[in-house]
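Below is one structure, written out as structure tokens, with a few remarks after it.
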Amino acid sequence: MKYYIYLLAGLLAFSCDKKSNNDNPEPQNTVPLDLTKIDNGNRVMMQAFYWDVTPLGEWWNTITPKLTEWKANGVDRIWLPPATKGASGGYSMGYDPSDYFDFGEYNQHGTVKTRFGSRAELENLISKAHESGLQVIADIVIGHNNGGGKEWNPYRNKETYTLFDETHGNASGKFNRNYECFHPNKYATSDEGADFYGEQDLSHKVPYVREELWEKDNSMAKYYKNTMKFDGWRFDYVKSFGAWVVRDWLKAVGGFAVGELWDGNPETLKKWVDESGASAFDFACFYALEKALDRNKDMHELMTDTHPMLRTLRTEKAVTFTANHDTEKDKIADNTIAPDKKLMAYAYILTHSGYPCIFYSDYENEAFKAKLQKLMLINRSLAVGEEKFHLASNTEYVASRLGNEKSPGLVLFINNSTLPAKRTITTHWKNKTLIDYSGNSHLFFVTDSDGNVTIQVPANSYTVWSIGK
């Protein structure tokens, strides 16, 4: 009998704890909101590839069946890898551009298909994406070229691999190039930025290069937009040319654009987006998360009053992210967020301002997928309104979104510790039951008449609190 009394007492204690673990009034309703009925307009971009995708020649066919699901989970744009023939042929990830018009239809560099597939398969992917209501973003690599033939270069007084024509890496015959198109030349000795490829550094000061890239009616940019039906642009390694290149490209063809300016200085990022008119990946936010969760293990790194980010300086131009094809293969630990910290980083970018980019390998990771889908739903329902910072410690971070007339907002609690944590904060909700919509806690809490509440979070985890019905 004594055993059953203890068991009954334990069950009652658990039941009380499950209802509320603070001294606030007994909650009246713990039914969660139907977040699918709340749409704040937020959406996310999917980076639809990773480095060295497999199987070879089948990537367009691999991702086409995934489009409908991505759309249903809040994706509005897919970013594709550079889609044309690179110097390493069927093994190329596209970042060694040779023929800007060979989408997998010419036999050169040892292959007809690109690593990703044929032109027909790409066109089918783009068509299916548009049918699903998704925009398609082309990866634009115009800082350097690879795979050309050898020719005498009077500017360098030696032979260089700068000849691109129908028999030298440019079978399409569109935008043929020679040494005059690369640095140095009669117009410029170098780009404004870094020379990533010394001898094949494409020179945008050359009128012919500008004409072929974006100015002419049959330019590369206009062909991609009007014939291939791309909707926007991801500009690779924009340090290698001036911001005016992107600005003039966008004046010619328009569309969404984001630049890869790999720099953690938020002022540098702000200057570039102001000068180019494009968005930029928010490396300041990325490195703040990496330091907070991984390198320094100090959540004070997320205090934006002392650690600004592009998303706080130019909110509408910030594309936030936690991983991409480069960071995932980078050998420098400080350039990668550890896998066991990834979901906490996603919880941050999917509840804060900015336009989040989801990395394919994270989304398709079965250990992450369901949790990411919940965060993506939170992003497009609760993550709206003014941001309010509550507190940070070495291991904890708490912040709110104050919501609007359609959405009640949220409270994010991140705990980068091996022990559970709890904090008392003042919310913008009074006498309301709070539920964790991330699914990481089954507890609920009640705010008092002043909005005060004590909330909890498991170890090495996050919770996203908002009101019930």
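Residues that are in a strand (DSSP E or B) and crowded, with 22+ Cβ neighbours inside 10 Å do occur in the stretch 400-409, at least one of them. Residue check: is ALA194 surrounded by fewer than 20 Cβ atoms within 10 Å (Cβ to Cβ) and modelled with pLDDT under 95? Judged against the criteria, ALA194 is a match.
Name the residues in the stretch 86-109 that are among the polar types (S, T, N, Q) and farther than 16 Å from ASN176 by Cβ, would you? Listed by number, the residues that qualify are SER88, SER92, ASN107. All conditions in (1) touching a helix residue (DSSP H, G or I) at 6+ places or on another chain (Cβ under 7 Å); (2) open to solvent by less than 10 Å² (accessible area, probe 1.4 Å); (3) not aromatic (Phe, Trp, Tyr) hold for VAL319, with the sole exception of (1).
Kindly establish whether THR30 is at pLDDT 95 or above, of a type in the set (Val, Ile, Thr), open to solvent by 10 Å² or more (accessible area, probe 1.4 Å) and farther than 30 Å from THR162 by Cα. It is false that THR30 is at pLDDT 95 or above, of a type in the set (Val, Ile, Thr), open to solvent by 10 Å² or more (accessible area, probe 1.4 Å) and farther than 30 Å from THR162 by Cα.
Within the stretch 421-460, the set of residues being polar (S, T, N, Q), more than 18 Å from THR351 (Cα to Cα) and in contact with a Pro (Cβ under 8 Å, 6 or more places away or on another chain) comprises ASN431, THR433.
Residues in the stretch 410-439 that are open to solvent by 10 Å² or more (accessible area, probe 1.4 Å), of a type in the set (A, V, I, L, M, F, W, C) and touching a residue at least 60 places away in the same chain (Cβ under 8 Å): ILE435 only. Checking each residue in the stretch 71-110 for being in contact (Cβ under 8 Å) with a residue 12 or more places away in the chain, open to solvent by 20 Å² or more (accessible area, probe 1.4 Å) and within 30 Å of LEU377 (Cβ to Cβ) picks out LYS71, ASN73, ASP76, ARG77.
Residues of the stretch 169-194 that are under 19 Å from SER98 (Cβ atoms) and either of a type in the set (Phe, Trp, Tyr) or under 28 Å from the mean Cα position of the chain (by Cα) (or both): PHE175, TYR179, PHE182. Taking the criterion of being assigned to a helix (DSSP H, G or I) and open to solvent by less than 30 Å² (accessible area, probe 1.4 Å), the residues of the stretch 370-399 that qualify are LEU372, LEU375, MET376, ILE378, ASN379. Across the stretch 448-464, the qualifying residues are those that are assigned to a strand (DSSP E or B) and in contact with a Phe, Trp or Tyr (Cβ under 7 Å, 6 or more places away or on another chain), and the one among them that is nearest to THR36 (Cα to Cα) is VAL464. Which residue is nearest to GLY173 (Cα to Cα), if the candidates are limited to the stretch 207-229 and must be open to solvent by 10 Å² or more (accessible area, probe 1.4 Å) and assigned to a loop (DSSP other than H, G, I, E, B)? Applying the filter and picking the extreme gives ASN218. How many residues are in a loop (DSSP other than H, G, I, E, B), among the acidic types (Asp, Glu) and open to solvent by 10 Å² or more (accessible area, probe 1.4 Å) when one looks only at the stretch 261-286? Counting residues in the stretch 261-286 that are in a loop (DSSP other than H, G, I, E, B), among the acidic types (Asp, Glu) and open to solvent by 10 Å² or more (accessible area, probe 1.4 Å) gives 1. Every listed requirement among (1) within 20 Å of TYR95 (Cα to Cα); (2) modelled with pLDDT of 95 or more; (3) assigned to a loop (DSSP other than H, G, I, E, B) is met by ALA257 save one, (3).
Among the residues making up the stretch 440-469, a single one is free of Cβ contacts under 8 Å to residues at least 60 places away in the same chain, of a type in the set (Gly, Ala, Ser) and open to solvent by less than 10 Å² (accessible area, probe 1.4 Å): GLY451.
The values are calculated or read from the model by the stated rules, or taken from the named source; none is laboratory data. Note that the structure is predicted; figures quoted are calculated from it, not measured. Because the Cβ atoms are built from the backbone with ideal geometry, glycine has one as well, and the counts that use them run over all protein chains shown. When the accessible area is computed, the model is the full protein with side chains, heavy atoms only, and any ligands, DNA or RNA have been set aside. Shrake-Rupley method; radii C 1.70, N 1.55, O 1.52, S 1.80 Å.
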